[in-house]
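Below: one structure, written as structure tokens.
The values are calculated or read from the model by the stated rules, or taken from the named source; none is laboratory data. These numbers were taken from a predicted model, which means no experiment stands behind them. Here the Cβ positions follow ideal geometry from the backbone for every residue, glycine too, while neighbour counts run over all protein chains shown. Surface accessibility is based on the protein's heavy atoms, side chains included, excluding ligands, DNA and RNA. Shrake-Rupley method; radii C 1.70, N 1.55, O 1.52, S 1.80 Å.
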Amino acid sequence: MSSSDSSCYTVIFESSAEYPSASELRSGLEKGSDEVKIDTLRKIIISTINGNPQPTLMMPIIQFVMPSRNKQLKKLLHFYWEVCPKYDENGKLKQEMILVVNAIRNDLQHPNEYIRGASLRFLQKIAKDAELLEPLIPTCRSCLEHRHSYVRKNAVFALYSIHHEFEHLIPDAAELMYTFLIAESDSTCKRNAFVFLAHCSMPKAVEYILSIYETIPALDEGLQMSIIEVIRLDCKNDSAHRSRYIRCIFELLNAPSHAVKYEAATTLTTLTQNPAAIKAAASCFITLVIKESDNNVKLIVLDRLDTLRSKHGHVLDGLIMDVLQILTSADMEVRRKAISIVLSMTASRNVEEVALFLKKQLQKTQETDFDKAADYRQLLIQSIHVMAIKFSEVAASVVHALMDFLGDSNNPSALDVVSFVREVVEKFPRLRATICEKLIITLPEIKSGKVFRGILWILGEYVESVADIQSTMQEIRKVLGEIPILASEQRLLDAAAGVDGAGDEASDKEKPKADGASRPKVLADGTYATETAYSSTTAARLEAVKAAAKPPLRTLILGGDFFTGSVLAVALTKLVLRFDDKSQDPTASNILRAEAMLIMTSIIRVGQTKFVTVQIDEDSNERIMSCIQTLSELKSQPAVHEAFLEDTQAAYAKMLGAQEKRAAEKKESETTKAVAVQVDDLLAFRQFSKKTADDAIDYDEDVGRATGSGEVQEDFMSNLSRISQLTGFSDPIYAEAYVKMHGFDILLDVLLVNQTGNTLQNLCLDFATLGDLKIVERPAVYTIAPHGFQSIKATIKVSSTETGVIFGSILWEGQNMAEACVILNDIHIDIMDYIKPAYCTEHQFRSMWTEFEWENRVNVNYPLSDAREYLKHVMKTTNMSCLTPEGATSGDCDFLSANMYARSLFGEDALANLSVERTEAGTITGHVRIRSKTQGIALSLGDRITMAQKDNKALPV
């Protein structure tokens, strides 16, 4: 900033009703006590900052305030001299400022060191006024020799500020600071002087570093940080001392200060690419993460470590066990970041050690109860899952350890284990037998319906031998309890009734038997009561039977979880079909089939009685009935046989393949870089080129290419599409606005045309907003000549993706000073500029779907016959990505369900579920459910889909 530029200050509110006049302020300065003077001077400072400088009060302030010895008044005076106008209309220094300079010089020679120090600090604020500073330079230099370090350190920075603006005032700054550094003993003063020396003369700073080279590790933290900064700057110019610098930085890696360690490690990676140096820097980062207490610092250092790993690959693989020690941190974000680094560093030679460590950590979460143990357990399970799939040699050793957590009370952890086991048994056929045996043994420990469904599906698909099928059926009978369910539950109810009846037999003989058809009785409030003692006792017995301890799977079914019951029916069907194929004993096959059908019919029958919490739903009933029909027609339907035993497993394998393909594409897109210049392209050196060369060198083009300003190219037609007409052609003023989205801002470029023959004076364009939009600045007042043009720009801040509306009016003074007005058309902001497609895992999607409270349901009725085309249409309309694998949406089907996800620039998540079907008339019907944490984005996306539906023309794809 040049010396002619004025400083910028904060505007402070002042009430005009309470503000005193200039004479009252003068009186307060002349006759008031110190407290009154402090209050008066404070008001003058606020008035000066807000644009009312009160120049007539400068002399009274010099006369009556400046001689005071009050410390608070002296401090306020410094504020006043900083903001008050020091120059007259001709740009010359005011005569009164001579008295001010004299007073400052006296303060710089004051015997109190703190007044001297405060005055030196004040000089840094007025370092742009050369005429004020020039007489004070000798006094400032003399303060370098003061006995107190507080004065000396402020004197250094005062001289530094002056030299930074006006080098000619201190021509010998380098020699002065070098001499001062050699003689100085205070660490803060040395640090300030070294910073000054580095900015005014880099060779002198390097000379000083070399002179104290051996003592650098023992210096103060602040000076060490400054030395590291100078080393980094000096090495940009191919310094001859690079090797000595590297040795010095190596020693600073062991400094006691964490800040010095971090800066030293970061600088070391820029000085050399030697593997030993990179490894030392990484070790320093790891030590910092372990020893530092601030979690934010831990995350910053971990980011730096991750960047180092991505650049240097396998150089850091030997430190993986050290990185694992970071997991001892209590913060989940730190653990999550450390785990991601560990997984990226894991290779075949260290995977077994990593797996063993993670298994030990997993056992600790089960043995000791600490804060967020469940979340940490889930993170470890997911990490082991990723590692075992990537390195098959450890899959066998970890899968059995993880299966111990299938009965975990923390449902997400158990679900992660099920997902892991399901993927392992599909990808590693040699492990199927042992895993299935372990799952069969684990069945009685399962508590969750979702976990049961996952395990039953695995058993139905991958239990293959006759003996295993029989043992599976036996364990299912154990977790299901006595069959038929209805008969056994009724027997328990009757037994409970028999016990109660025997106890009350004597009293029952004396009382007439009550039944449900007893005469109604009138209660005290006049209503009828028809409940009898018999019916209430029966209900109590039923509740007692329901509350009795039962096997886990039976408890789920009686609790109304018939989805699990239908999955059990499908698993039993697969087991019976496979047993029939492999067994040579038709009697055993028939017994197994009858037993499975009995279980299925028992589930349906009990689902229609009073023993269940919720009656069986139609979908589960139909699914179980289809399984019963399949078993009854065991040999007659080969297509159904194939669907149960082959198609479901093939569909799962296809889904895994699609996931791997997507992961590979994502990894390739992250690692592949676009080639900007080919390796065999010619290089043009303008210094060597002749004037007659064919290729002209364009300096502007080079600058544009270097700064990246030429990369953004806007199409003229796309600009025209963003123009909104604000007024009509017959209005006195025609207005149109070009709306441009720029990051988190909306830039409005409004063109005004005066269509009248009169001059429009005091014309003001007034905007207002709806939604999370905020106008940054109000447009100024303009005067437009007859048939003249005026361009006005306005900036509007956007803080969320809620649909925003900009409206306003144009006001001006017409003939005879009469006020005229034109109301503008509304501008609707397109939120699609702020929503980008994003991806998340199925678990994350389900977790957010459960958590988010705002839902917007949009009914679909669209004249498009292909459901997949409609899905693409919705994705294009809403800028959302489809999370459902392509394999799950392929094939010929009249029904389609898909999950979509997007994320806004403001960090808002938007989830959507599309469920549509094709009718006989060839149209698409159904609904789209949108969920988000905030109401705005859910409503905005819903409106977007509704608006797109109004156009009945199918979009070309």
Original post:
Using beta carbons and a limit of 7 Å, which pairs, at least six apart or on different chains, have the first residue in the range 894-911 and over 10 Å from residue 930 (Cα atoms) and assigned by the TED database to the domain that holds residue 865 and the second one among the charged types (D, E, K, R) and in a loop (DSSP other than H, G, I, E, B)?
Top reply: 908/933; 909/933
**OP:** Considering each of 127, 158 in turn, give the residue that is touching a Lys or Arg at 6+ places or on another chain (Cβ under 8 Å) and farther than 25 Å from residue 43 by Cβ.
**Re:** 158
**OP:** Answer yes if at least one residue in the range 198-214 is open to solvent by less than 60 Å² (accessible area, probe 1.4 Å), outside any helix (DSSP H, G or I) and not acidic (Asp, Glu), and no otherwise.
**Re:** yes
Subject >> Residues located in the range 467-496, provided they are exposed (fewer than 15 other Cβ atoms within 10 Å of the Cβ) and aliphatic (A, V, I, L, M) >> reply: 467, 487, 495
Original post:
What pairs come up if the first residue lies in the range 422-450 and is among the hydroxyl-bearing types (Ser, Thr, Tyr), the second is surrounded by fewer than 17 Cβ atoms within 10 Å (Cβ to Cβ) and at pLDDT below 80, and their beta carbons are under 9 Å apart, counting only those six or more places apart or on different chains?
Top reply: 434/396; 434/400; 442/404; 448/409; 448/411
Original post:
Would you say residue 823 is open to solvent by less than 60 Å² (accessible area, probe 1.4 Å) and among the β-branched types (Val, Ile, Thr)?
Top reply: no
Original post:
Taking the condition of a type in the set (S, T, N, Q), surrounded by 15 or more Cβ atoms within 10 Å (Cβ to Cβ) and part of a helix (DSSP H, G or I), does residue 940 pass?
Top reply: yes
**OP:** Being more than 42 Å from the chain's Cα centre (by Cα), open to solvent by 30 Å² or more (accessible area, probe 1.4 Å) and among the aliphatic types (A, V, I, L, M) narrows it down to one of 218, 240, so name that one.
**Re:** 240
**OP:** Being among the hydroxyl-bearing types (Ser, Thr, Tyr) and within 45 Å of the chain's Cα centre (by Cα) is the filter here, so list the residues in the range 162-189 that pass it.
**Re:** 187, 188
Original post:
Can you find a residue in the range 618-632 that is assigned by the TED database to the domain that holds residue 589 and part of a loop (DSSP other than H, G, I, E, B)?
Top reply: no
Original post:
Can you spot a residue in the range 828-836 that is hydroxyl-bearing (Ser, Thr, Tyr) and assigned to a strand (DSSP E or B)?
Top reply: no
Subject >> Cross-chain or 6+ apart pairs with Cβ under 7 Å, the range 245-261 first and farther than 11 Å from residue 284 by Cα and open to solvent by 80 Å² or more (accessible area, probe 1.4 Å), then in a helix (DSSP H, G or I) and not polar (S, T, N, Q) >> reply: 251/217
**OP:** Go through the residues of the range 407-419 one by one and say whether even a single one is in a helix (DSSP H, G or I), open to solvent by 40 Å² or more (accessible area, probe 1.4 Å), aliphatic (A, V, I, L, M) and at pLDDT 75 or above.
**Re:** yes
Original post:
Taking the condition among the hydrophobic types (A, V, I, L, M, F, W, C), open to solvent by 30 Å² or more (accessible area, probe 1.4 Å) and under 30 Å from the mean Cα position of the chain (by Cα), does residue 906 pass?
Top reply: yes
**OP:** Would you be able to say whether some residue in the range 827-835 is open to solvent by 50 Å² or more (accessible area, probe 1.4 Å) and hydrophobic (A, V, I, L, M, F, W, C)?
**Re:** no
Subject >> Options 599, 557: the member that is touching a Ser or Thr at 6+ places or on another chain (Cβ under 8 Å), within 15 Å of residue 488 (Cα to Cα) and of a type in the set (A, V, I, L, M, F, W, C) >> reply: 557
Original post:
Going by the conditions given, is residue 911 touching a helix residue (DSSP H, G or I) at 6+ places or on another chain (Cβ under 6 Å) and at pLDDT below 85?
Top reply: no
**OP:** Report, by residue number, each residue of the range 605-639 that is open to solvent by less than 50 Å² (accessible area, probe 1.4 Å) and of a type in the set (A, V, I, L, M).
**Re:** 606, 612, 616, 624, 628, 631, 634
**OP:** List the strands (runs of 3 or more DSSP E) that sit entirely inside the range 724-782 and contain at least 2 residues that are of a type in the set (Val, Ile, Thr), within 30 Å of residue 939 (Cβ to Cβ) and assigned by the TED database to the domain that holds residue 815.
**Re:** 745-754
Subject >> Test: residue in the range 848-870 that is in contact with a Cys (Cβ under 9 Å, 6 or more places away or on another chain), surrounded by 15 or more Cβ atoms within 10 Å (Cβ to Cβ), of a type in the set (Phe, Trp, Tyr) and at pLDDT 85 or above >> reply: no
Original post:
Is there a residue being modelled with pLDDT of 80 or more, surrounded by fewer than 19 Cβ atoms within 10 Å (Cβ to Cβ) and farther than 21 Å from residue 99 by Cβ anywhere in the range 51-62?
Top reply: no
**OP:** Can you tell me which residue within the range 722-764, out of those that are farther than 15 Å from residue 793 by Cα and of a type in the set (Ser, Thr, Tyr), is most open to solvent (accessible area, probe 1.4 Å)?
**Re:** 730
